[in-house]
Amino acid sequence: MCGIRGGGNRSRKYNSKSCNFAEEGGTLKRPTAESCRPSKISSSKIMKRGFQFKTDEKENFGRGNKQSRSQRHSNMKAESSDEESLASQLECPICMNCYTLKVFVCANGHSLCETCYEKIKNKCPSCRTPLKGARNRALEHVITHTVLPCRFREYGCDFKGRGSARSAHRRLCVHRPIKCLFHRCYPTCTWFGPPSELLEHLNSHCVVRRVALNYTSDVYWSYETKERCWQRGKDATFFLPSVDRFYYVSISRQEDHFHLVVVWLPTTEAAAQDLRLIMELTIPLEKDQSIKFTIKPPRLDSKLIMDENVKRLIQDGQSYIIPIRKWRSQWMEERKKHYFRIRAKWMVQEQGGSR
């Protein structure tokens, strides 16, 4: 006689003579031959039952899929609602935008973002308590580890991120609103909007030159006298539809020199990625000479107005000095003006730096 023990404390014993299973605390009867004989089912019943089983299985499966899709949709809506709710709780009460990495707080606990703090600096706009530069470190820690939308989502940006990644995106976001590019020529213009709407606005001032790659475009400035040209700055704006970019050319006087500065501005995400474009500028000089600049201009800093961009690039040595008094002009008798020309052309820089 041998014993077989299961996972519990109960044991079963097998008696070879009686062929009965014995269990501690009771006896299990051996099944009879009649009870073990399979039941008789006709082939039609088998097919019917099989067909019915498959139909039920298919219906249940389809119903389960519908429920799961509906559930997933509900979950996505709930998650989106939770994100919107969380983002609304982390908004600056002054500008109604989500906080950035730095959050300032007054003595009474009112918080405000870095941008609003730089504009105010004196008193808390909520309670008029003097601001002393104190930071809300706890809230800053929460913001660093929370996924929040881009500050410029109202202008079409759908980026979401946390911490330094969100801050880095904000600096280069193509939806960041800017002031009018012609602000130097039209200082009273108050337009402020995203680059995607800039072309329509600029055309309200004057027609923006639309140019194509590998195409030469001429720009003219006219003055009654040559001395007038030597005393004033000059600006020109180009738009390349094929790459969705603006190019802004500025000739500015700094002390005794005239500096040529070029910047570009993307209007889409794809336009911001392609960095292979170069620009050729040609200025005709006296005695049938000319000076040519091959430029790979920097991107416009959207945080600064155009004057500040130009001044910073000149200070950083990213400008080109032009011999303004040798600039060849063309006299138009019927208009009694001198016309000064500059020629521009855009190309895609090939690998290795060769054109």
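Summary table
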read-out	value
Charge dipole (debye, nearest 20) of the stretch 209-355; +1 at Cβ of Lys and Arg, -1 at Cβ of Asp and Glu	340 debye
Karplus (6.51, -1.76, 1.60) ³J(HN,Hα), θ = phi - 60°, over the stretch 320-335, in Hz, Gly and Pro reported as x	10, 7, 10, x, 4, 6, 9, 5, 6, 10, 10, 7, 10, 5, 5, 9
Global form of the stretch 192-238, assessed from the alpha-carbon gyration tensor, a/c cut-off 1.5	oblate
The stretch 114-191: relative contact order as a whole-number percent, Cα under 8 Å and 6+ apart	18 percent
Potential lengthening between W230 and D256 on full extension [0.36 nm per residue; Cα-Cα distance subtracted]	8.3 nm
Alpha-carbon Rg with Dmax, taken over the stretch 289-340, Å	15.8, 44
Gain on full stretching of the segment that runs from V207 to F293 - 0.36 nm per residue minus C-alpha separation	28.4 nm
Net charge of neighbours whose Cβ lies under 9 Å from the Cβ of I342, counting Lys and Arg as +1 and Asp and Glu as -1	+2
Phi-based couplings in Hz for the stretch 191-204 (Karplus 6.51, -1.76, 1.60; Gly and Pro marked x)	4, 8, x, x, x, 5, 9, 5, 4, 4, 5, 4, 5, 6
Phi to ³J(HN,Hα) by Karplus 6.51 cos²θ - 1.76 cosθ + 1.60 over the stretch 255-264, Hz, x for Gly, Pro	6, 9, 10, 10, 10, 9, 10, 10, 9, 10
Relative contact order (%) - the stretch 197-297, alpha-carbon pairs under 8 angstrom, separation at least six	16 percent
The stretch 184-224 versus the stretch 298-312: alpha-carbon centroid distance in Å	16 Å
Under 5 Å, built H, 5+ apart or other chain: amide partners of C180	W191
Amide hydrogen neighbours beyond the local backbone of R209, cut-off 5 Å, H modeled	T237, F239
Net lengthening on full extension, S167/T188 (0.36 nm per residue, minus Cα-Cα)	4.4 nm
Links that overshoot a 30 Å alpha carbon limit, given the list K292/K337; K303/K326; K179/K326; K102/K296; K123/K160; K123/K303	K303/K326; K179/K326; K102/K296; K123/K160
Mean Cα-pair separation over length for the stretch 210-260, i.e. relative contact order, pairs under 8 Å, 6 or more apart, %	31 percent
Distance (nanometres) between label positions extended 7 Å along Cα→Cβ at Q89 and A134	2.3 nm
Counted charge near C116, where neighbours are those whose Cβ lies closer than 13 Å (Asp, Glu -1; Lys, Arg +1)	+2
Built amide H within the under 5 Å cut-off of I291, gap 5+	I283, L285
Anisotropy class of the stretch 174-316 from Cα gyration tensor, a/c 1.5 cut	prolate
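Laboratory data are not the source of any read-out in this text; all were calculated from the coordinates shown. Quantities reported herein were computed from a predicted structural model and do not represent experimental measurements. Every residue, glycine as well, gets a Cβ built from its backbone with ideal geometry; the counts of neighbours run over all protein chains shown.
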